[in-house]
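This report refers to the structure that appears directly beneath it.
The values are calculated or read from the model by the stated rules, or taken from the named source; none is laboratory data. Since the model is a prediction, treat every value here as computed from it, not as a measurement. When we count neighbours, we look across all protein chains shown, and the Cβ atoms used for this are built from the backbone with ideal geometry, even at glycine. Note: areas computed on protein heavy atoms with side chains; ligands, DNA, RNA excluded. Shrake-Rupley method; radii C 1.70, N 1.55, O 1.52, S 1.80 Å.
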Amino acid sequence: MSLALQGGGAFGAFTWGVLDRLLEETDLAFDSVSGASAGAVNAVVMAEGLRRGGR
């Protein structure tokens with residue numbers, strides 16, 4: 001599953017809440033993540049957290 005995250009301040013905050021909820025699911029795996037603006041920041045933070053073994 002691939003994930004594309006949109007930019008914008010309010011969208012970035014909303015997306016972070018959605019990501020937080022999605023990452024609670026143990027059977028989801030992402031092949032790739034991309035984003036623009038705030039979405040790119042969320043993608044990097046999420047990828048680094050997953051790389052370190054957390055949510």
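Could you work out [θ]222 nm for the chain from helices alone, using -39500 (n - 2.57) per DSSP H run of at least four and dividing by all its residues? Round to the nearest 500 deg cm²/dmol.
Working: 2 runs with 28 residues, N = 55.
Value at 222 nm, helices only: -16500 deg cm²/dmol.
Could you please state how large a percent of the accessible area of the stretch 16-55 is carbon and sulfur, counting protein chains only and using a 1.4 Å probe? Show your work: numbers first, answer last.
On the way: 1500 of 2740 Å².
Exposed carbon and sulfur together represent 55 percent of the surface.
Mind pulling the angle between the C-alpha long axis of helix 9-22 and the longest principal axis of the chain? Nearest 10 degrees, somewhere in 0 to 90.
10
Using alpha carbons only, how many degrees (0 to 90, rounded to 10) separate the axis of helix 38-51 from the longest principal axis of the chain?
Helix 38-51 and the main axis of the chain meet at about 20 degrees.
Say each of Met1 and Val18 gets a label point 7 Å from the Cα, pointing the same way as Cα to Cβ; how far apart are those two points in nm?
Going from the Met1 label point to the Val18 one covers 1.2 nm.
So what is the orientation-averaged projected area of the chain, using the convex hull of its C-alpha atoms, in nm²?
On the way: hull surface 13.1 nm².
The orientation-averaged projected area of the Cα hull of the chain comes to 3.3 nm².
Between Glu48 and Asp27, what is the FRET efficiency for a Förster distance of 22 Å, r being their Cβ-Cβ separation, to the nearest 0.05?
Details: r = 22 Å, r/R0 = 1.00.
With a Förster radius of 22 Å, E is 0.50.
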